[in-house]
Amino acid sequence: MATNHTVEGNAPEDPEDLLPDESVLTLDEYLAMHAAVGHRTRYEILYRLVHGGDMSPKELETAIDIDDSTLHYHLNELVDVGLVEKRQRTDRGQDGLYTYYRATVFGAVTLTSGVDELIRGEREFEAMYDNSAEA
């Protein structure tokens, strides 16, 4: 149950209150996205899709050096939480459909404003920890 109370600073007492009134996702859906990208293989898949663009399963297999069934398991996890979408198209001169994956907006933001930013900020965080030890 959401409340309107705040704790330290401007943070609401109940994390549900962080969501906009017309949020397209629930708090549990946001948390599922972060949990999904917390697995090394899924992080690597999302990283390649965000920074390298759309990729076919074969391209991902080669780039990550992973077997087909393991790749598809992790791709399905990323698709299920909305970080990646599966697309199909017919290319000229090709029979059948060509399947590829691409990061969604949520995938790009979760990666670049989440894990990637945390990694890039390591020096800053290290200095913060050093300062807190002196207190």
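Condition first: over 18 Å from the mean Cα position of the chain (by Cα) and open to solvent by 50 Å² or more (accessible area, probe 1.4 Å). Can you find one or more residues in the stretch 40-53 that meet it?
Checked the stretch 40-53: no residue is over 18 Å from the mean Cα position of the chain (by Cα) and open to solvent by 50 Å² or more (accessible area, probe 1.4 Å).
Could you run through the stretch 97-108 and say how many residues are hydrophobic (A, V, I, L, M, F, W, C) and closer than 16 Å to A35 by Cβ?
Adding up the residues that qualify gives 1.
Over 17 Å from S113 (Cα atoms) and in a helix (DSSP H, G or I), is that true of L31?
Working: over 17 Å from S113 (Cα atoms): no; in a helix (DSSP H, G or I): yes.
Answer is no for this residue.
The values are calculated or read from the model by the stated rules, or taken from the named source; none is laboratory data. Note that the structure is a prediction, hence the values are computed from the model and not measured. Neighbour counts run over all protein chains shown; Cβ positions are idealised from the backbone, glycine included. These area figures cover heavy atoms from the full protein model, side chains too; ligands, DNA and RNA do not enter into them. Shrake-Rupley method; radii C 1.70, N 1.55, O 1.52, S 1.80 Å.
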